[in-house]
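The next block holds one structure in the form of structure tokens; read it before the comments.
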Ligand SMILES: Nc1nc2c(ncn2[C@@H]2O[C@H](COP(=O)(O)OP(=O)(O)OP(=O)(O)O)[C@@H](O)[C@H]2O)c(=O)[nH]1
Ligand SMILES: [Mg+2]
């Protein structure tokens, strides 16, 4: 048992006693059960931001419906299971299993005539290693503030009563928009009075479309994401912003042999015949050509790859950098930004599942206890406050938020060093210490000692404001944790 789990059990017990005999007891039990389940990560963003496509890319299957269909308007969970099963959870009444078919990989779910506004969520169990440590939740697009679809997503992510059912969010944005920021703020408002960057990652989605599908689209997208990530409003709300070309990632992960053959044919054809086709989307589909590919086939290729993907695959094959469909698929996944997203998902979210889930549980206990009329929650409030400030993992989360919100007065290089140490570049030891992946344990220890000394001295400087001294104390403790973990790993 760790300090964290001991404290959680204690607080759960206290919350249970306070609400015993009321319906709220069940919510406490449910929150406790969640601590052993995979991390729940919602994919959210505006209408047609590419949420479902990105979910498919992460699972390497075309499960989630994209574009049309009533299922795009229902919150849908995708979780690992021992069998393939679809369950509908209505707002009122018992859950029911639903029949489904698959067409070219896509799921076709028969809602049996149930109006979508009566469905709280669909749950898809799907045996998949990609889902073994994370449950992905596809949400309907947020449109304008008032539409009912947006309301469904908003209710789901930021419920007025009860607890949020997610531990973290991937927030897709195509262009930075005032309503994106409002939504992110609303999501975080639920947690505490202070917003938190710890559990959300911003994604500049459909990144291939930036610069009308030119081959350098992703480089431009990377520059734009950096700018978004540095924006103080976004910085308070997202750990980082990265670009992803979801459609290309989805297609690369589900690449078919027939598609590979057509692309190879184009790559091997005479340049004078192919180059004119590659100039624009319109030419690619409609231009007359002697090449053995019909306009319908070209249009299908575009639907799957986008013009950027077609151009990139063509260049990779033509230059001989990819020679098989597996090589092509791997290269496209990498170029799409999905590889980086997977790494970030791991280092920023799943590697920290314990603390993120614990945090969700505490917030749920708090909300449940304060929602039951007549409960004297004083003892609970005191304990919650004590845990939030004394358990080191939470102290780190709160410090990161405080730095990002400008509550802690630090020089820019200090703030950057502190943020990194708190895990904004990933929670693994080398990431926190700013070293590369292959750094030896001895060198990591030296780096940790260097940082320890640095923060300790800063904390002892009597001229520093109180918050900075407190921040330095937490960071010193983080370095001690890294040193201890390094020693344990060497034993
Ligand atoms: N070029 C390009 N098109 C994309 C990308 N991602 C999604 N699309 C296209 O955008 C359209 C919408 O994609 P979805 O994945 O359904 O978007 P969504 O955010 O789930 O949409 P809603 O659920 O309806 O809000 C589809 O036609 C996709 O093929 C991308 O990375 N690049
Ligand atoms: Mg969708």
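Only the coordinates and a few stated rules stand behind these numbers; no lab work does. Not measured: the values here are computed from a predicted model. Heads up, the Cβs are rebuilt from the backbone with ideal geometry, glycines too, and the neighbour counts pull from every protein chain shown.
List of remarks:
- Between helix 353-371 and the chain: long-axis angle, C-alpha atoms, 0 to 90°, nearest 10: 60
- Bridge type composition, the chain - antiparallel percent by DSSP, nearest 5: 40
- Three principal axis lengths of segment 254-336 [C-alpha, angstrom, descending]: 32, 24, 20
- Anisotropy class of the chain from Cα gyration tensor, a/c 1.5 cut: oblate
- Rounded to 10°, Cα long-axis angle of helix 392-404 versus longest principal axis of the chain: 70
- Residues 331, 10, 410, ranked from the fewest to the most other C-beta atoms within 10 Å, line up as 10, 331, 410.
- Sequence of 242, 469, 43 once ranked by neighbouring C-beta atoms within 10 Å, starting from the fewest: 469, 242, 43
- Considering only Cα atoms, the convex hull volume of segment 325-402 works out to 125 Å³ per residue.
- Among 67, 334, the order by Cβ neighbours within 10 angstrom, fewest to most, reads 67, 334.
- In degrees, nearest ten, helix 24-34 long axis to first principal axis of the chain (Cα): 60
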